[in-house]
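The structure under discussion appears below in the form of C-alpha cells.
The values are calculated or read from the model by the stated rules, or taken from the named source; none is laboratory data. Given the structure is predicted, the values throughout are model-derived calculations rather than measurements. Backbone-built Cβ (ideal geometry, glycine too); neighbour counts: all protein chains shown.
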Amino acid sequence: MSPAVLIDYPWRRPVALDAILGEAARLRFKMSCENRTGALLAVLAASKPGGRILELGTGVGAGTAWLLDGMTDDATLTSVELDPTVQAVALARLGADPRLKLVERDAADWLTTYDGPGFDLAYVDCRPGKFTHLDQLIDLLNPGALYLGDDLLLQPTWPEDHQARVDAFLDHLPHQRRLRPVVMSWASGLVVAART
Ligand SMILES: C[S@@+](CC[C@H](N)C(=O)[O-])C[C@H]1O[C@@H](n2cnc3c(N)ncnc32)[C@H](O)[C@@H]1O
C-alpha cells in the first residue's frame, strides 16, 4: 500500500550548511533556499559532470553549498552577489573550495558584460536573469543547459509590488522559445527549464 504522505525532505545535507544557516540567523538573513530546493540543486549539479555552473544571488551561500555538494571535482561554480556582507559568509565557509569563484557584483552588470564561456546549469535567485535580463542569461546557456529559478510562490520577504513581477515572468515563459520550462508548485515555487 502507498504511504499517505510522501516525505520529500532530504536526508543528506552539505557539511557546511548548518554553520551557514547559523550565520544567516545571526545576520537576520531570511532568504536562503529551503532544503528541498537545495537537494534539487545538488541533483542538477550532479547531472553536469565537469560542468560550468552559475548562481546569481549568492546570499550567505546555502544554495552554493548544495550546488558544491552535488558537483564533481572538475566542475566549477561562479556565484554573483551584490551585497558583500552576506557573501562574506559564503567566502568564510566555502571559499577554500577551489571549484568556487565568488564575484561581488550586480548580476545585471555582470550579465551584460560577461564574455567568457557558457554555462551548463544556472541557478537564478535574484531579479536579473529571471525578472529582468532573461535574454542575456539565456545567451550564456550552452545547448541542453538547465535553468532553475525559485521563489515563485508568495514569500513573506516580498515587497508589495513583487507579485506583478512574478506574474509577468510566468506569462512570458510559454513564449520564450529558447527554453523548455516546467513550473513546479513545490518548495518556494520553482521553474526548471532546459536550454533548447
Ligand atoms: C534569495 S537570496 C539568495 C539565496 C541563495 N541563492 C540561496 O539559495 O541560499 C537573493 C540574493 O540576491 C542578492 N541580490 C539582489 N539583487 C541582486 C543583484 N542585482 N545582483 C546580485 N545579487 C543580488 C541579494 O542580496 C540576496 O543575497
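If you filter the stretch 45-61 down to residues that are in contact with a Gly (Cβ under 7 Å, 6 or more places away or on another chain) and farther than 20 Å from residue 104 by Cβ, you find that the one that is farthest from the ligand (Cβ to nearest atom) is 46.
Only residues that are within 16 Å of the ligand (Cβ to nearest atom) and either under 17 Å from residue 167 (Cα atoms) or touching a Gly at 6+ places or on another chain (Cβ under 8 Å) (or both) were counted in the stretch 120-147, giving 17. Answer yes or no as to whether residue 160 is of a type in the set (D, E, K, R) and touching a residue at least 12 places away in the same chain (Cβ under 8 Å). So residue 160 fails the test.
Inclusion of residue 155 among residues that are within 11 Å of the ligand (Cβ to nearest atom), surrounded by fewer than 15 Cβ atoms within 10 Å (Cβ to Cβ) and farther than 15 Å from residue 181 by Cβ is warranted. In the stretch 62-98, the qualifying residues are those that are away from the ligand (no atom under 11 Å from the Cβ) and in a helix (DSSP H, G or I), and the one that is nearest to residue 21 (Cα to Cα) is 93. Could you say which residue among 36, 12, 26 is at pLDDT below 95, among the basic types (Lys, Arg) and either farther than 19 Å from residue 119 by Cβ or not in a helix (DSSP H, G or I) (or both)? One residue alone meets the criteria, 12.
All conditions in (1) assigned to a helix (DSSP H, G or I); (2) surrounded by fewer than 16 Cβ atoms within 10 Å (Cβ to Cβ); (3) within 12 Å of the ligand (Cβ to nearest atom) hold for residue 170, with the sole exception of (3). Residue 142 satisfies every condition listed in (1) part of a strand (DSSP E or B); (2) over 21 Å from residue 75 (Cβ atoms); (3) polar (S, T, N, Q) except (2).
Residues of the stretch 103-119 that are within 12 Å of the ligand (Cβ to nearest atom) and either of a type in the set (Val, Ile, Thr) or more than 27 Å from residue 169 (Cα to Cα) (or both): 103, 112. Would you confirm whether any residue within the stretch 17-35 is closer than 11 Å to residue 123 by Cβ, within 16 Å of the chain's Cα centre (by Cα), polar (S, T, N, Q) and within 11 Å of the ligand (Cβ to nearest atom)? Checking the stretch 17-35: not a single residue is closer than 11 Å to residue 123 by Cβ, within 16 Å of the chain's Cα centre (by Cα), polar (S, T, N, Q) and within 11 Å of the ligand (Cβ to nearest atom).
If residue 43 satisfies every condition in (1) part of a loop (DSSP other than H, G, I, E, B); (2) touching a residue at least 24 places away in the same chain (Cβ under 8 Å) but one, which is the exception? With respect to (1) part of a loop (DSSP other than H, G, I, E, B); (2) touching a residue at least 24 places away in the same chain (Cβ under 8 Å), residue 43 is out only on (1).
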